[in-house]
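Since the structure comes first, as structure tokens, the remarks are kept for the end.
The values are calculated or read from the model by the stated rules, or taken from the named source; none is laboratory data. Since this is a predicted model, take the numbers as computed values, not measurements. Cβ placement follows ideal geometry from the backbone for every residue including glycine, while neighbour counts extend to all protein chains displayed. For the accessible areas, the whole protein counts, side chains as well, though only heavy atoms, and no ligand, DNA or RNA atoms are used. Shrake-Rupley method; radii C 1.70, N 1.55, O 1.52, S 1.80 Å.
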Amino acid sequence: MKKMTLRTVPALLLIAFSGAASASAFQLWEQNASGLGTAYAGSAAVADNASTIFFNPAGMTQLSGFQFSAGVNGVKPSYKFRSGAGGSNDGGDAGSWAAVPNGYLSWQVAPDWTLGFGISAPFGLSTEYKDNNWVGRFESLKSEIKTVNYNPSVAYRVNDKVSLGFGLNYQTIDAELTTAASRLKGSDSALGWNVGALFTLSPAMRVGASYRSAIKYTLEGDAAGAGPVRADLKLPDTFILSVWQQVSDRWEAMGDVSYTRWNSLKSLDVYNRDTGALITSETFNYKNAWRLAWGAAYLLNDTTKLKFGIAYDKTPVRDADRSARVPDNSRLWLSLGAQWNAGAHGKVDVGYSYLHVKDPSINQGLLVGRYDASGHVVGAQYSVGF
């Protein structure tokens, strides 16, 4: 763990919970590009390529032989601050393009057993205010966080109706935060797990349920005048319930509801490692958040499938606790996509989502005003089976 000051320990944890351009708070739903066109509706039930390892490992039982999937999503948030005074030092657009890559492998080792491995980036953020003299320069200039998740998994087909899956998660985190007065770089790693079940109600309908555990970090560093410090960080757990249905020969429909338990993050406490004394406390006061999505796919011909979807993503951030790092708010996803099936040569998926974000207001010290906020996500993915 790299050294950090007491003043910047809470800032590092705050950025880990700040909103990216995709899902509310810190979550990134862009764990594949095949689901982007449907706004990730049916994420735990579709199971049509190896990326199901992330959303529901039980879905691997729908895949035969050896399957490979890899892709990348480009995420572009836009956050333009407008002060109530209408000043010229509002910082410009704090958003910029960032890549969210992923890769997955699955292998059917026996008729009822499948092994898998996934690499993805569940959390991520990249924002930078263009004007170093902007009014909020002592709150934020540059904020960057990167995570990498390694996810070995196993799935078992109990019978024709029920499949179960389990995965371990080894996750690393790296962050850099700067203001006009400070700069921080830090990193850590932690373990978590995920489970899932897939219910095949009929050849034309599947229901998936999955759970991704909370992940606990312990960030350690030194504080000037206070000695060594530590801060325990717990990323919340998430539950997904999904449905997929083959409506006709050409139409598929899918739905999704997810629930993330943010209410455990009321405050962040920083302690002296030697004495156990509380040094400082940072209030978060987050509330639980949910996400609803609906999507459909239309088989245009033997090789081309068109996709579209809509989702509503509720933010866990309360107005009074919004941060200048990335001012998060609830958003509406509007998505389109397509898939080209080249048979034995594999499938290519592309997708696009426009994120309409409810303009966030902020009242933190000198920062009083509103943001014009929105987002764009584009993605491409290649999947093939052997």
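Just one of (1) modelled with pLDDT of 80 or more; (2) out of contact with any Leu (no Cβ under 8 Å at 6 or more places or on another chain); (3) within 28 Å of residue 167 (Cα to Cα) fails for residue 247. It is (3). The set of residues in segment 285-303 that are open to solvent by less than 20 Å² (accessible area, probe 1.4 Å) and assigned to a strand (DSSP E or B) comprises 289, 291, 293, 295, 296, 297. Residues of segment 228-239 that are part of a strand (DSSP E or B) and open to solvent by less than 70 Å² (accessible area, probe 1.4 Å): 228, 229, 231, 233, 235, 238. The residues in segment 253-272 that are at pLDDT 80 or above, crowded, with 20+ Cβ neighbours inside 10 Å and closer than 10 Å to residue 285 by Cα can be counted, and the count is 1.
Within segment 169-207, if we keep just the residues that are aliphatic (A, V, I, L, M), open to solvent by less than 40 Å² (accessible area, probe 1.4 Å) and over 22 Å from residue 57 (Cβ atoms), the residue that is modelled with the lowest pLDDT turns out to be 184. Selection of segment 338-386 for residues being modelled with pLDDT under 95, aliphatic (A, V, I, L, M) and either surrounded by 16 or more Cβ atoms within 10 Å (Cβ to Cβ) or assigned to a strand (DSSP E or B) (or both) yields 357, 362, 367, 368, 373. Can you tell me which residue is farthest from residue 32 (Cα to Cα) among those in segment 97-122 that are open to solvent by 30 Å² or more (accessible area, probe 1.4 Å), part of a strand (DSSP E or B) and at pLDDT below 95? Filtering first and then ranking leaves 98.
Residue under question is residue 75, and the condition is that it be aliphatic (A, V, I, L, M) and open to solvent by less than 40 Å² (accessible area, probe 1.4 Å); does it hold? Here the answer is yes, as residue 75 does meet what is asked. Within segment 123-138, the set of residues being buried (at least 16 other Cβ atoms within 10 Å of the Cβ) and either in contact with a helix residue (DSSP H, G or I) (Cβ under 8 Å, 6 or more places away or on another chain) or among the hydrophobic types (A, V, I, L, M, F, W, C) (or both) comprises 123, 125, 134, 135. I'm checking my understanding of the structure. Among residues of segment 139-160 that are hydrophobic (A, V, I, L, M, F, W, C) and not in a strand (DSSP E or B), which one is least open to solvent (accessible area, probe 1.4 Å)? Within segment 139-160, the match that is least open to solvent (accessible area, probe 1.4 Å) is 141.
Tell me, please, whether a residue that is modelled with pLDDT of 95 or more, assigned to a strand (DSSP E or B), under 30 Å from residue 144 (Cβ atoms) and out of contact with any Phe, Trp or Tyr (no Cβ under 7 Å at 6 or more places or on another chain) can be found in segment 208-215. Within segment 208-215, one or more residues are modelled with pLDDT of 95 or more, assigned to a strand (DSSP E or B), under 30 Å from residue 144 (Cβ atoms) and out of contact with any Phe, Trp or Tyr (no Cβ under 7 Å at 6 or more places or on another chain). Within segment 308-334, the set of residues being in a strand (DSSP E or B) and either buried (at least 24 other Cβ atoms within 10 Å of the Cβ) or at pLDDT below 85 (or both) comprises 309, 311, 313, 331, 333.
Scanning segment 190-205 for residues that are within 24 Å of the chain's Cα centre (by Cα) and farther than 17 Å from residue 239 by Cα yields a count of 2. Among the candidates 41, 20, the residue that is open to solvent by less than 10 Å² (accessible area, probe 1.4 Å), touching a strand residue (DSSP E or B) at 6+ places or on another chain (Cβ under 6 Å) and modelled with pLDDT of 95 or more is uniquely 41. Residue 242 fulfils the conditions (1) of a type outside the set (Asp, Glu); (2) in contact (Cβ under 8 Å) with a residue 12 or more places away in the chain; (3) open to solvent by 60 Å² or more (accessible area, probe 1.4 Å) except for a single criterion, (3).
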